[in-house]
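Colleague: Structure below; questions to follow.
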């Protein structure tokens, strides 16, 4: 059973997201929260792919062949290198928390195929976390994908000065494989309660689905050890790196 503790309304789904606000709302935005103990309205900018008969065929095939998920289904250091990021994997048994705009929710259940698989990478001010699970079938994975996105999209409108997510970008790579990502905007740029025009991001979260598998990828180009932000806006190449990594992650997930 695919589960994240995001209250009963979210049902069967999983993922890894971000940090809550600090006392000072203009502080560094989220990359990913972690715990030592194992276990809204949608944006009008979201472009949801429409279902098709081909998806149904892909579902039956994926359900029969994908099987348990493993670390081999996650990104590799070569994938990061391909987009110009030199990151090193970190060994850790820490569990990742799914965090909303108003409270933390801890990922403490397991998928039907076994515990969620996750990996941390970092180097300097850049960090990444990917976590993936296998659903019982593609319908369950689709529901998980939708519910996680709705939870994240609730953070696209926030009080001035608080971090928030930008518009949802969704792309269908092939039948049964989709990528959606939201850029993270630093609170210093939130002057209206919504993300400003342009992808002026310091991080991002991507929700990925491949057949009956769902994953979330968190990226930060501005992570820091303390409460001070390492930067407010990532470099011009950040959006391209994000989209390329999200596509690679979704394809590896299969």
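Coordinate-derived values only; no laboratory data. The structure displayed is predicted, hence computed values, not measured ones. Note: ideal-geometry Cβ built from the backbone for every residue, glycine included; neighbour counts use all protein chains shown.
Colleague: Could you work out the pair-distance distribution P(r) of the stretch 137-244 from its alpha-carbon pairs, with 10 angstrom bin width and percents rounded to whole numbers?
Modeller: Histogramming the stretch 137-244 at 10 Å steps yields 15, 43, 31, 11, 1 percent.
Colleague: Can you give me the distance in nm between label points at residue 91 and residue 160, each placed 7 Å from the Cα along the Cα-to-Cβ direction?
Modeller: 5.0 nm
Colleague: Taking the highest mean first, how do the peptides 168-174, 123-129 order by number of other beta carbon atoms within 10 angstrom per residue?
Modeller: Values: 168-174: 16.7, 123-129: 19.4.
Highest mean packing first, the order is 123-129, 168-174.
Colleague: Could you rank the peptides 130-143, 79-92, 186-199, 240-253 by their average count of other C-beta atoms within 10 Å per residue, with the highest value first? Display every interim value, and only then the final one.
Modeller: Numbers: 130-143: 22.9, 79-92: 14.3, 186-199: 16.4, 240-253: 19.8.
The densest-packed peptide leads the list: 130-143, 240-253, 186-199, 79-92.
Colleague: OK, next. Under a plain spin-label model, where a point goes 7 Å from the Cα along Cα-to-Cβ, how far apart in nm are residue 236 and residue 197?
Modeller: 1.9 nm
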